[in-house]
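Please read the structure below before turning to the comments.
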Amino acid sequence: MKNKKVWKIIIPVVLLGVVLVIFAVSSSGKAKEAMTEAMKVETITAEKGNVSETIETSGNVVSGQQKTIFSPVNAKVETAGFQTGDLVKEGQKLVTFDLKDLEVQNQKAELTVKANQLGYQDSVNKSNEAAAKQAQAKSQVSSLQAQVDAKKQEVADLTGALSGEAKAQEEAAKKAADDLKNQISSLQKELGKAEKALSKAKEKYEKALADQQEAQVNFDAAAAASNPEKLETAREALNTANTKLAEAKGDYEAKEAAVENLNTQIAELQSTLPAVSTETGNSAELQQKLEGAQAELANLEAKLESEKAMAEADAGTLSSAARAQMQTNNNLAELESKSLEELILEGKQGISAEFNGVISGKQVVEGATVSQGMELFTLQSIDDVNVEITLSKNVYEKVKEGQKAEVTFAGQTYEGTVSRINRIATAGETGTNQAAVASAGIMATVHLDHPDDNIFLGVDAKVKIMAAEAKDVVILPIEAINIGKDGSFCWVCEDGLLVKRAITTGVTSDEYAEIKEGIQEGEQVITDPGNHEEGDKIMTVEAGESAEKAETGESQGKTETEESAEAGD
């Protein structure tokens, strides 16, 4: 009985001990499991791949080429069958004009040109006649002066003879006769030269007359043929021939008058010579001669003064400046006439679209009268299309000219290229992008590479700019990258401890970032350290890896705590 009592006591004690041992072992395992679970952190593997950085914003679709069209003529609009917003094709006729009034103005201008030319020719002819008369007066002045001088000498000689100086008078008479002979000889030489000059002037005049008659015939023929180009050429040739004829005629008449004047002077001197040579000492005869000579001297002096006045007076000839002014006025009238002809030609052509585009700012209607230079409408090209965008301060430095872009509007997507970046920020503008909205922005232009007929100008467009791209580089998801006061870093496990490692990033997208320095391909990076701090002991497990796999030692980076626990077991 006693032994049974002992066993009854021992067995419960043993069972209690076993239970206590089992409980202790169980508690130890659970504690170990809880500790292991608390030390676990998930990792991802740094791999190589491609990453693209895009900048998304919005803008306004505008034409890259526009031209404001102005009226080329003063005329009535015959047709203008288009409206603002219409799509037109290159070469499409847009505006035609009624040119009746302009054609009437052109006819008036042609008549004005003809009247000016006739007036100019009349002035030239009158000027040439006045010049010839003045030249003749000048040529007579020298001859008359010689006759006056000779007559004065004759009067002086006669006066001397009457005072009892017969011998002196005879000598004076002989001298006067010699002087007259010398004058006659000199005038005869001048006459010879004048006759030669007259002969040449006559030949020139006859040739000019023939040329003028031929030009007149050509002009009449061109006028009858109704050929504007030949008529204009013939008119210019006729005007030139008329001018040369008037000049040749004036020159010929002047030289003819000079020859006649020289002949007259020679005849007068020759008629005077016998009287001078036969003078005697008879006082009564001398007195009579003296009185006659004094009367002739008075007449010669009066004639000389008259010729001097004519030679020195303004003969009403055209100066070179006056001729140039009249010719310029003629040229202006001709230019005005030609300008009207050109305007009529241009008006007949009307206005056609110079390129494919959309009409904007129409200010012309059919039936209205427009003036030259009046704005009619504006044509905006749809072959040259841009999107004007605004970049915020957070992204503008990433955008460069030449970068490709994707533009979406009106249900269509187009390829584009950044063609221009404004170097001056626009205050008060904002841009929409994935980074931020700034209070001041940089204006940029995206040119559509291949626009089509589906283009709508003035609408909003979404723009995605391919700012940067890196291929076959080490990349990590954005969530694995942290930013601290010293820059970017990643969490890694080194010797079982949680360590912060500085990194340098490159091209970044919404999901991935290029790792230039700090992490190598194949390295494990902790995505979320949880409540752990730098220096804590941790146990890494690749994202998606089972806890069982981690407990069997197949996971990477076991900590010293885990190894100690296993050794203790």
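The values are calculated or read from the model by the stated rules, or taken from the named source; none is laboratory data. Note that the structure is a prediction, hence the values are computed from the model and not measured. A quick note on method: Cβ atoms are made from the backbone with ideal geometry, for glycine too, and the neighbour counts reach across all protein chains shown. Remember, those area values only see protein heavy atoms, side chains included, never the ligands or the DNA or RNA. Shrake-Rupley method; radii C 1.70, N 1.55, O 1.52, S 1.80 Å.
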Inset, instruction - Answer yes or no: is there a residue in the stretch 417-426 that is hydroxyl-bearing (Ser, Thr, Tyr) and at pLDDT below 90. - result: yes
Inset, instruction - Evaluate the following for Ala440: is it small (Gly, Ala, Ser), open to solvent by 30 Å² or more (accessible area, probe 1.4 Å), over 30 Å from Asn356 (Cα atoms) and modelled with pLDDT of 90 or more? - result: no
Legend entry - Per-region count, the stretch 388-412, residues closer than 12 Å to Thr445 by Cα, surrounded by fewer than 20 Cβ atoms within 10 Å (Cβ to Cβ) and small (Gly, Ala, Ser): 1
Inset, instruction - Among residues belonging to the stretch 322-356 that are open to solvent by 30 Å² or more (accessible area, probe 1.4 Å) and either hydroxyl-bearing (Ser, Thr, Tyr) or modelled with pLDDT of 80 or more (or both), point out the one that is nearest to Gln92 (Cα to Cα). - result: Ser352
Inset, instruction - With respect to Glu469, determine if the residue is among the charged types (D, E, K, R) and modelled with pLDDT of 90 or more. - result: no
Inset, instruction - For the stretch 362-378, enumerate the residues that are under 22 Å from the mean Cα position of the chain (by Cα) and either part of a loop (DSSP other than H, G, I, E, B) or closer than 30 Å to Ile442 by Cβ (or both). - result: Gln372, Gly373, Met374, Thr378
Inset, instruction - Can you confirm whether the stretch 497-507 contains a residue that is within 50 Å of the chain's Cα centre (by Cα) and basic (Lys, Arg)? - result: no
Legend entry - Qualifying residue in the stretch 234-256 (condition: closer than 30 Å to Gly192 by Cα, out of contact with any helix residue (DSSP H, G or I) (no Cβ under 6 Å at 6 or more places or on another chain) and among the hydrophobic types (A, V, I, L, M, F, W, C)): no
Legend entry - Scan of the stretch 82-100 for residues that are part of a strand (DSSP E or B), open to solvent by 20 Å² or more (accessible area, probe 1.4 Å) and under 23 Å from Gln372 (Cβ atoms), ordered by number: Lys93, Thr96, Asp98
Inset, instruction - Could you check, for the stretch 167-180, whether at least one of its residues is open to solvent by less than 40 Å² (accessible area, probe 1.4 Å), assigned to a helix (DSSP H, G or I) and without any contact (Cβ under 8 Å) to a residue 60 or more places away in the chain? - result: yes
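For every residue, the table says whether it meets (1) open to solvent by less than 50 Å² (accessible area, probe 1.4 Å); (2) out of contact with any Pro (no Cβ under 9 Å at 6 or more places or on another chain); (3) modelled with pLDDT of 85 or more; (4) not in a helix (DSSP H, G or I).
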{"site": "Thr233", "(1), (2), (3), (4)": "no, yes, yes, no"}
{"site": "Glu236", "(1), (2), (3), (4)": "no, yes, yes, no"}
{"site": "Thr243", "(1), (2), (3), (4)": "yes, yes, yes, no"}
{"site": "Ala248", "(1), (2), (3), (4)": "yes, yes, yes, no"}
{"site": "Lys255", "(1), (2), (3), (4)": "no, yes, yes, no"}
{"site": "Ala284", "(1), (2), (3), (4)": "no, yes, no, no"}
